[in-house]
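This report concerns only the one structure given below.
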Amino acid sequence: MNFLLITTTCLLAICCTQIGAQDDYCFGKDTMRPQTRHFTSKTAYQIAKSTNMDKQYLVPGCTPQKIWILHRHGTRLPSKSIIQKAPRLEQLRDAIADNYRVKAELPDNALCNEDLIAIKMWKWNASITPDMENYLTGQGYEDLRGTAKTYQKYYPEVLVKDYSSDYYKFRHTDLQRTTESFKAFAEGLFGPNNAAKSDDIPEKDLLLRPYDYCQSWSSQNFKGAGSESAKFRNLPIWNQTMYDISRRLGFKYTLETEDIELMYDMCRYEQAWQVDRTSVWCAAFTADQVTVFEYEDDLKYYYKSGYGFEANSRLNCRAAQDMITHLGSNSMPNVVTYFGHSTGVQTLLNTLGIDKDEVPLLASNFNDQKDRKWATSRIDPFASNFLAVKYHCDAETVNKEKVIFFVNQDAVDLSWCKVGLCNWSDVLDRYSNLIDANCDSYYCGDGATAVSVSLGALLMTAIVYLINVM
């Protein structure tokens, strides 16, 4: 009897200890997991994509005729540096387990037992080697196959199931992740073992990788000393976040930022690789802490390819011209789809004036930018895509041609359009500076040079014409 009483008392004590560690937040039991929607460019497409397109794609009295797409590659493996550092996580795992053996020294918001056990059981997948850096994953392939099927469902009259090299134009960059993304997208449209071909990749890819050939853009300070990102990392909110994360994991000191960011990166990658599961490392971060990481990352992107530097708006001159030329043409192809990268998608949105905040993103205004438009978790997750659809509207007496721009399956609500539906004439007017620009000088210059070159060319043409007439 005494043995049973002692045993019962011990079990109750263990249970209470475990319950005490679960009083606050438990990622493994959270069915909503809001953190996963705020992983910036590493957010899973299945989590970030909009559900509004069902109500937006159909335009009464109008028929879709042409489509132009810029598609970022799908979910990928980490960079070489992260793969090489990954075994360090096993050391951190063991250190966290050791910390939690001394329960009397745990913080009030300790990991719940479920999250702790998951971290203890984690192992790095050693089959992922540095030579596989940035490779498209199985989920990444499904991302692209899925978007193709989705858009074909909405626009079957344009995205026809029979492939023709005259009707369809595809092109991708020279990397494995974009090549495989093209194959996945083609499979989504035409089925397996299809005959889809992509255009040859030029040695100097100014259309899909213009940033590789612009030294002035490369020299812009978007994350170095003195940048808004660097300033933010020196603020009390950043330092306090680093301390709070360390303390919650049982450490009596603040971990190196590199270790915390390694855990955070693994959380983001693993969550994107298997959307229907959870990454054990995400348990290390509360929702509020993730928003701090998110803002710091958005500051980098805002100045790297967003509205932080005016020159960024000119970088994707060629892609914008290509889109407008394609949509305005009455000849084949009817569908143009390019497969590129994060910087390409972000700079295109910038070029077109999409998701521009009235107040610039700064290290000092984190609390005021909770509802910012430039949120890469929403606009540029893995497999992010920009879709332009040209419609012909017989029901209209004027402005028979219209366009809808979509970002990740959500219609872009531009101020000069009607709930996302834009008159084609307004598109031509709004982007006339891009249409007329000489992209060779405009995309990597100060803008004024290109305009003067363009005006100079027009003036010379006029002079030649007058001479011939006279």
*asked:* Out of everything in the stretch 246-269 that is open to solvent by 20 Å² or more (accessible area, probe 1.4 Å) and of a type in the set (Val, Ile, Thr), what residue ends up being nearest to the chain's Cα centre (by Cα)?
replied: THR257
*Only one of these is at negative phi and not in a helix (DSSP H, G or I): ASP244, ASP298, ASP265, ASP276. Name it.*
ASP276
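Surrounded by 22 or more Cβ atoms within 10 Å (Cβ to Cβ) and within 17 Å of ASN312 (Cβ to Cβ): is that true of THR376 in this structure? First the steps, then the outcome.
Values: surrounded by 22 or more Cβ atoms within 10 Å (Cβ to Cβ): yes; within 17 Å of ASN312 (Cβ to Cβ): yes.
Answer is yes for this residue.
Yes or no, residue by residue, for (1) under 30 Å from LEU349 (Cβ atoms); (2) out of contact with any Gly (no Cβ under 7 Å at 6 or more places or on another chain); (3) modelled with pLDDT under 95:
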position: ARG93; (1), (2), (3): no, yes, no
position: ASP108; (1), (2), (3): no, yes, yes
position: ILE117; (1), (2), (3): no, yes, no
position: LYS123; (1), (2), (3): no, yes, no
position: GLU157; (1), (2), (3): yes, yes, no
_the stretch 37-64, residues that are more than 27 Å from ASP288 (Cα to Cα) and either assigned to a helix (DSSP H, G or I) or among the aromatic types (Phe, Trp, Tyr) (or both)_ = MET53, ASP54, LYS55, TYR57
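Would you please name the residue that is surrounded by the most Cβ atoms within 10 Å (Cβ to Cβ), looking only at residues in the stretch 113-162 that are among the β-branched types (Val, Ile, Thr) and assigned to a helix (DSSP H, G or I)?
Among them, the one singled out is THR147.
Just to be sure, is SER216 in contact (Cβ under 8 Å) with a residue 40 or more places away in the chain, open to solvent by 20 Å² or more (accessible area, probe 1.4 Å), in a helix (DSSP H, G or I) and not aromatic (Phe, Trp, Tyr)?
On the way: in contact (Cβ under 8 Å) with a residue 40 or more places away in the chain: yes; open to solvent by 20 Å² or more (accessible area, probe 1.4 Å): yes; in a helix (DSSP H, G or I): yes; not aromatic (Phe, Trp, Tyr): yes.
Considered against the rule, which asks whether it is in contact (Cβ under 8 Å) with a residue 40 or more places away in the chain, open to solvent by 20 Å² or more (accessible area, probe 1.4 Å), in a helix (DSSP H, G or I) and not aromatic (Phe, Trp, Tyr), SER216 comes out as yes.
If I filter the stretch 190-197 for residues that are among the hydrophobic types (A, V, I, L, M, F, W, C) and not in a loop (DSSP other than H, G, I, E, B), do I get at least one hit? Spell out how you get there, then give the answer.
Going residue by residue through the stretch 190-197, those that are among the hydrophobic types (A, V, I, L, M, F, W, C) are 190, 195-196.
Narrowing the set further to residues that are not in a loop (DSSP other than H, G, I, E, B) leaves 190.
Scanning the stretch 190-197 turns up at least one residue that is among the hydrophobic types (A, V, I, L, M, F, W, C) and not in a loop (DSSP other than H, G, I, E, B).
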_Which of the strands (runs of 3 or more DSSP E) found entirely inside the stretch 315-425 contain at least 1 residues meeting this: of a type in the set (D, E, K, R) and at pLDDT 95 or above?_
385-393, 401-407
*So which pairs qualify, if the first residue must be in the stretch 178-195 and within 19 Å of LEU77 (Cβ to Cβ) and among the charged types (D, E, K, R), the second must be open to solvent by less than 50 Å² (accessible area, probe 1.4 Å) and not in a loop (DSSP other than H, G, I, E, B), the Cβ gap must be under 8 Å, and the two must be at least 6 apart or on different chains?*
GLU180/LEU136; GLU180/GLY140
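Please specify each residue of the stretch 325-350 satisfying the condition of being open to solvent by 10 Å² or more (accessible area, probe 1.4 Å) and within 22 Å of SER165 (Cα to Cα). Step through it out loud before you land on a result.
We begin by selecting, within the stretch 325-350, every residue open to solvent by 10 Å² or more (accessible area, probe 1.4 Å); these are 325-326, 328-334, 341-343.
Hits for the stretch 325-350 are THR325, HIS326, GLY328, SER329, ASN330, SER331, MET332, PRO333, ASN334.
Residues checked against (1) touching a residue at least 40 places away in the same chain (Cβ under 8 Å); (2) within 27 Å of the chain's Cα centre (by Cα); (3) under 27 Å from THR178 (Cβ atoms):
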{"site": "LYS49", "(1), (2), (3)": "yes, yes, yes"}
{"site": "VAL59", "(1), (2), (3)": "yes, no, no"}
{"site": "ARG76", "(1), (2), (3)": "yes, yes, yes"}
{"site": "ALA86", "(1), (2), (3)": "yes, yes, yes"}
{"site": "LEU89", "(1), (2), (3)": "yes, yes, no"}
{"site": "ILE96", "(1), (2), (3)": "yes, no, no"}
{"site": "ARG101", "(1), (2), (3)": "no, no, no"}
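Could you tell me whether the stretch 415-435 includes any residue that is under 15 Å from the mean Cα position of the chain (by Cα), at positive phi and open to solvent by less than 70 Å² (accessible area, probe 1.4 Å)? Spell out how you get there, then give the answer.
Start the filter on the stretch 415-435 by keeping residues that are under 15 Å from the mean Cα position of the chain (by Cα), which leaves none.
No, there is no match, as no residue in the stretch 415-435 is under 15 Å from the mean Cα position of the chain (by Cα), at positive phi and open to solvent by less than 70 Å² (accessible area, probe 1.4 Å).
The values are calculated or read from the model by the stated rules, or taken from the named source; none is laboratory data. Values in this document were obtained by computation on a predicted structure and should not be read as measured data. Backbone-built Cβ (ideal geometry, glycine too); neighbour counts: all protein chains shown. Side chains are part of the model used for accessible areas, which takes the heavy atoms of the whole protein and leaves out ligands, DNA and RNA. Shrake-Rupley method; radii C 1.70, N 1.55, O 1.52, S 1.80 Å.
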